[in-house]
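Read the structure below first, then the notes.
What follows is calculated from the coordinates using simple rules that are stated; it is not laboratory data. Only a predicted model underlies this, so the values are computations on that prediction, with no experimental measurement involved. Neighbour counts are summed over all protein chains in view; Cβ atoms, including those assigned to glycine, are modelled from backbone coordinates with ideal geometry.
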Amino acid sequence: MEKRRLGTQGLEVSALGLGCMGMTWAYGQGDETESIATIHRALDLGCDFFDTAEVYGPWTNEELLGRALRGRRDEAVIATKFGWDLDENGERRGLNSRPEHIKEVLEQQLRRLGTDHVDLLYQHRVDSDVPIEDVAGAVGELVQQGKVRFFGLSEAGAQTIRRAHATFPVSALQSEYSLWERGIEDEILPAVRELGIGLVPYSPLGRGFLTGDVRRAEDYPEDDYRRTDPRFQGANYDANVQAAEAVRAMAAGKGATAGQLALAWLLHQGEDVVPIPGTKRRARLEENLAAAEIRLTEAELAELELPVAGARYPEQMLHLTGR
């Protein structure tokens, strides 16, 4: 698989990564055997960029990835995230990016992942109680110690990114970006490109909506995040199904799936873009990775405008976007 560079500090990863969150969290419980087989298949196909976080589970996602990479750690680029205050039961008490907490959490992450270093360490959400300069400085110390290779931010606004980067180089910004969500294009995307920071779009398939394999919110299990997603509810769902039909129609004309076309659109947005579609099944992984072979014309790219109904998060979660 083609390689891409994230940032100017030397981080090189496969053009498409694998989001591991759904293997243990948010989209119903996965099958561990199949999840591990999916991670191994990704490595076999040249997909080496794996995304996890302490809060996915919590903790169980990093443990799963660590088990899967046992004996193959040198083939993988591991990205994980800090930034939450979790009690002993894993319940969130809020955000916490205090430098001493970052360092404490990283030690726990290294144990769960079974490694002596993390390749890319993100702040998961911006903590307004801690200056971003302190956060960047703390991760910079961990880089100097060899426990982290590169620093990233997630869901940060343009000014926060600039302040962090001025303190310690940011290699990647992880943010929601897709045909389904293009809110970063006005301010955030220009800022990261000006600074030479790579972009890692999460939810590149609109939480599955762009694959066409979707249901109304109430039809998902109780432990599935999409039950609370405004875009899967009521009239929003109806409007979004209709809008996504344009993606499916173009994909059919190119002999591709809607999901592959959506990923191809992202890959065409620039060599500094590395989407991380999530899956817990080998068949879906293989379908996603095949998107790297699809070529789109300028006319096709211009045609792929998708009007989306509904907020991207429930109202009670919007304050956590950090923008």
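Percent relative contact order of the chain, based on C-alpha pairs within less than 8 angstrom and at least six residues apart?
Contact order relative to length: 20 percent.
Taking Cβ atoms as reference points and 14 Å as the exclusive limit, the residues near residue 92 contribute a net charge of -3, counting Lys and Arg as +1 and Asp and Glu as -1. Positive contributions from Lys and Arg (+1) and negative ones from Asp and Glu (-1), summed over other residues with Cβ under 10 Å from the Cβ of residue 43, come out at -1. Amide H contacts for residue 95 (H built 1.01 Å from N in the peptide plane; partners 5 or more residues away or on another chain; cut-off under 5 Å): 85. Computed extension gain for residue 299 through residue 74, at 0.36 nm per residue and net of the alpha carbon distance, reaches 76.9 nm.
Relative to the Cα centre, the charge distribution of the chain, modelled as +1 at Lys and Arg Cβ and -1 at Asp and Glu Cβ, gives a dipole magnitude of about 400 debye. Among the trypsin sites (Lys or Arg not before Pro) in the range 159-259, those placed in a DSSP loop whose Cβ has at most 13 other Cβ atoms within 10 Å are 215. For residue 280, list the lysines whose Cα falls under 21 Å from its own Cα; do not include residues on the same chain fewer than 8 positions away. Answer for residue 280, where 21 Å is the Cα cut-off: 81, listed by chain and number. Scaled to the globular estimate 2.2 N^0.38 Å, the Cα spread of the chain, given as radius of gyration, is 0.94. The Cα atoms of the range 63-181 give a gyration tensor whose axes a ≥ b ≥ c have a/c under 1.5, which makes the shape rounded. Over all pairs of different C-alpha atoms, the range 166-323 has a mean inverse distance whose reciprocal, the Kirkwood radius, equals 16.5 Å. Extension gain for the segment residue 63 to residue 235, taken as residue separation times 0.36 nm less the Cα-Cα distance, is 58.0 nm to one decimal.
In terms of the Cα gyration tensor, with a ≥ b ≥ c the square roots of its eigenvalues, is the range 234-301 rounded because a/c is under 1.5, prolate because a/b exceeds b/c, or oblate?
Numbers: a/c = 1.60, a/b = 1.21, b/c = 1.32.
Oblate shape, in that a/c is at least 1.5 and b/c is the bigger or equal ratio.
The calculated 222 nm mean residue ellipticity attributable to helices in the chain amounts to -10500 deg cm²/dmol, summing -39500 (n - 2.57) over DSSP H runs of n ≥ 4 and dividing by all residues.
In this simple spin-label approximation, residue 98 and residue 228 carry label points 7 Å from Cα along the Cα→Cβ vector, and these lie 2.6 nm apart. Loop-located GluC sites (Glu not before Pro) in the range 111-187 (DSSP state other than H, G, I, E, B) with a sparse environment of at most 11 neighbouring Cβ atoms within 10 Å: 185. By the count of neighbouring beta-carbon atoms within 10 Å, fewest first, 250, 23 end up ordered 250, 23. The GluC sites (Glu not before Pro) found in the range 1-105 that occupy coil by DSSP, while having at most 15 further C-beta atoms within 10 Å, are 2, 88, 91. With the Cα gyration tensor of the range 172-258 giving a ≥ b ≥ c as the square roots of its eigenvalues, does the rule (a/c under 1.5 for rounded; else a/b larger than b/c for prolate; else oblate) give rounded, prolate or oblate? Because a/c hits 1.5 or more and a/b fails to exceed b/c, the range 172-258 counts as oblate.
Seen from a random direction on average, the alpha-carbon convex hull of the range 1-147 projects onto 8.9 square nanometres.
Per-residue extension of 0.36 nm, minus the Cα-Cα distance of residue 249 and residue 86, leaves a gain of 54.2 nm for this segment.
Listed by Cβ neighbour count within 10 Å, with the fewest neighbours leading, 285, 301, 86 appear as 301, 86, 285. Beta bridges per DSSP, both residues in the chain: antiparallel share near 25 percent.
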